[in-house]
Structures are given as structure tokens and as C-alpha cells.
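The values are calculated or read from the model by the stated rules, or taken from the named source; none is laboratory data. Not measured: the values here are computed from a predicted model. Virtual Cβ from ideal backbone geometry, glycine too; neighbours counted across all protein chains shown.
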Amino acid sequence: MLLEVRDLHVEFRTRDGVAKAVNGVNYSVDEGETLAVLGESGSGKSVTAQAVMGILDVPPGRIAGGEILFQGRDLLRMKEDERRRVRGARMAMIFQDALSALNPVLTVGAQLGEMFEVHRGMSRKDSRARAVELMDRVRIPAARQRAGDYPHQFSGGMRQRIMIAMALALEPSLIIADEPTTALDVTVQAQVMDLLAELQRELNMGLILITHDLGVVADVADKIAVMYAGRIVEAAPVHELYRAPAHPYTRGLLDSIPRLDQMGQELYAIKGLPPNLTAIPPGCAFNPRCPMAQAICRTDVPPLYPVTGTPARRTSACHFWKECLGG
Ligand SMILES: Nc1ncnc2c1ncn2[C@@H]1O[C@H](COP(=O)(O)OP(=O)(O)O)[C@@H](O)[C@H]1O
Ligand code: SF4
Ligand SMILES: [Mg+2]
């Protein structure tokens, strides 16, 4: 397995107390595989990714427990210089906002070239040539000329391609893309997502695709992990999850996607808001919003029940997953 996150806990010290942002997350991704991590804003998707990348804000953040195995070795137990090498060369991250992730005062050719100069010890001239190749690869038109432009001279979609190029430069084994298309308009979103998926297949990388939009992952992900209040509440191969959700929260997310065959009908929205992470409700964290909640939901935390396969390919943290799947 390329990456395995095991029972990860992350807390933040805040004025209101300890915010439990990640509460025992388990997920894994293999070479050539795409895992989509889905959930409303504030569910702990980015914090989990930051812990994997080693870019968590510490303090106020703190890893309170768990393991992050990368190619079999626990990143949390590595020395800082070794960790830095892994982070630089073998894993890379793509952020939502390219404009703040890229250096505004360097041309994109210089920024891309710097990767090869610093990490590969290549000459400036060779590095620039590689930079243009990369820009070609992410299909930036007139790459040679545009290598001399600054980030703000590109459109949102083109900038996102440049960030993909930066992430791919050193041919990492793992890419984490955190809402990579959220800031783009819908047609550009699809183009950037297709490009990312195509490069991921070509290079046989593991991809963790973080999104709050179930609509964008159907065609590109192999499996999905749905997060709520810092936990995985359902994990499943993508087509099984779309066919029938085994958790009421996933059902709510699915029902809130606009569908062509239901144009004009009012869109379903999950009632209420995610919990305050300094005071997560006892029992199932989703119980105050759940249309299927029973008494047990307010007292007993649901474990991740196996839904299909041994070992489980699919799991759901709902006491009533069978009823949810059936209805
Ligand atoms: N730098 C920070 N300082 C304090 N709390 C934070 C910080 N980053 C994240 N959190 C807490 O962690 C929660 C989960 O954040 P995040 O992982 O960014 O959610 P998302 O699922 O939207 O990516 C936030 O709602 C917040 O309570
Ligand atoms: S455990 Fe209960 S409250 Fe939680 S999702 Fe299942 S039915 Fe709803
Ligand atoms: Mg986020």
C-alpha cells in the first residue's frame, strides 16, 4: 500500500476549548488509485491532508494519535530532514487557490525550472527546457512564450494547470489535490479534472482528491471516503456508493446533487449545520441532523460496520446501515 492513514487524531487549541478536527480517521490509497475524500466544509478533510503532507499548523494544531504509513514507513516517526525529503520529492499537493500558492514575483518558467535546479541539480538552461516541457504536458498553449509570464497573467484554469505541473515536476508517487477545481467555472473544472485524472493514470500515481462536490468525483475516483465531524462515516468503491448509500449523511449528499432528470424540482439540502468541534454530540455525531436517528444514536458511537467483503471493501458508521441501504 502506498499510503495508509491509521486512527489519526488531530486537535486544535482554540479560545473555546480543544477542537477535535480529526477523530480516528483511517484511509488508504495505492499506486495508480484515486481516493476521493468528501464532506461538507469543516469536516477535517484538509487537516487530515495537512497531517499527511507534514504542513499542519503546529501549534495551534497537534497530532494527538495515529500513524501515517507511506510506503510502509510511519511519517510521524521520521526525523525532520528525512520527512522533508519525502515531502519534497515523493508527495506533492495541489491547492484550491493557485494564485496564493504560486510565487507572484517569479515567472512560471522560473518557478517550474527552480524545481529541477534545486532538487535535480540541473543547469538553468536545462531546467528551463524541462519547465517548458511540463507546461506542454499540462497543455498550456504556446508554452515556450508563456514561460516568461507571471502567475497573475494566466486565467484561473491555466494557473491550476501550472500548479499541477509544479506538483508533477519531480514525479511523486502521491498527489493530494485539495479542492483543485472549486474556484473554477464548471466547464473549466471538468477540463482540469480530466487532465489530472489522465496524468495520474499515465504516471501511475496515487491520488487523494478532496472535494465537497460529489458531482466531480464520479468519473475519476476508484473509491470514496465520506467524512463528517472528523471521522470517516462511509467508505466504499465509487459505483457501489452511488448505487446505494449505506449512511444517511451520504444519502443527504447524493440527494443534494442537481440532476438533469429532476430539473426544476427543489433541491434537497441536509438540515442543520455540522457540529461545533469543541462539543461534538455524544453517540453518532450526525444524530441532530439525521432523519433516521433513534434513541441509540444519541448514546452509542457507531463503529465502522463492514457492509460488503471480507476484509471489508465497504464500511458504514451507522447503526442502521442496513435500513439505509435498503430504503
Ligand atoms: N489553523 C487552524 N486553527 C484552528 N482550528 C483549525 C485550523 N485549521 C483547521 N481547524 C479546525 O479544523 C476543522 C476542520 O478543518 P478542515 O480540515 O480545514 O475542514 P475541511 O473539511 O473543510 O477541509 C475546522 O472547522 C476548524 O475547527
Ligand atoms: S447512527 Fe443513527 S444518527 Fe447516525 S447516521 Fe445512523 S441512523 Fe443517523
Ligand atoms: Mg478544506
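The criterion of being in a helix (DSSP H, G or I) and either farther than 25 Å from ARG120 by Cα or modelled with pLDDT of 95 or more (or both) holds for VAL188.
Of the residues VAL47, VAL132, which single one is over 26 Å from the mean Cα position of the chain (by Cα), modelled with pLDDT of 95 or more and β-branched (Val, Ile, Thr)?
Every option except VAL132 fails the conditions.
The residue of the stretch 310-327 that is farthest from ligand 2 (Cβ to nearest atom), among those that are part of a loop (DSSP other than H, G, I, E, B) and either under 25 Å from the mean Cα position of the chain (by Cα) or modelled with pLDDT of 95 or more (or both), is PRO311. When we screen LEU199, LEU207, LEU253 for residues that are closer than 24 Å to GLY88 by Cβ, outside any loop (DSSP other than H, G, I, E, B), hydrophobic (A, V, I, L, M, F, W, C) and at pLDDT below 95, the only hit is LEU199. Check whether at least one residue in the stretch 88-103 is touching a helix residue (DSSP H, G or I) at 6+ places or on another chain (Cβ under 7 Å), at pLDDT below 95 and within 12 Å of ligand 1 (Cβ to nearest atom), and report yes or no. Within the stretch 88-103, one or more residues are touching a helix residue (DSSP H, G or I) at 6+ places or on another chain (Cβ under 7 Å), at pLDDT below 95 and within 12 Å of ligand 1 (Cβ to nearest atom).
Every condition in (1) of a type in the set (A, V, I, L, M, F, W, C); (2) without any contact (Cβ under 8 Å) to a residue 24 or more places away in the chain; (3) within 30 Å of SER41 (Cα to Cα) holds for ALA129 except the one numbered (3).
Going by the structure shown, is ILE63 among the β-branched types (Val, Ile, Thr) and modelled with pLDDT of 95 or more? The answer is yes for ILE63.
For the stretch 239-250, the candidate set comprises residues that are over 24 Å from PRO288 (Cβ atoms) and either free of Cβ contacts under 8 Å to residues at least 12 places away in the same chain or in a helix (DSSP H, G or I) (or both); within that set, the residue that is farthest from ligand 2 (Cβ to nearest atom) is HIS239.
Within the stretch 257-279, identify whether any single residue is modelled with pLDDT of 95 or more and within 11 Å of ligand 2 (Cβ to nearest atom), and answer yes or no. Checked the stretch 257-279: no residue is modelled with pLDDT of 95 or more and within 11 Å of ligand 2 (Cβ to nearest atom).
Do any residues in the stretch 29-52 that are without any contact (Cβ under 8 Å) to a residue 24 or more places away in the chain and over 13 Å from ALA225 (Cα atoms) have Cβ atoms under 9 Å from those of residues that are within 12 Å of ligand 1 (Cβ to nearest atom) and among the small types (Gly, Ala, Ser), where the two are at least six apart or on different chains, and which pairs are they? The qualifying pairs are GLN50/GLY61.
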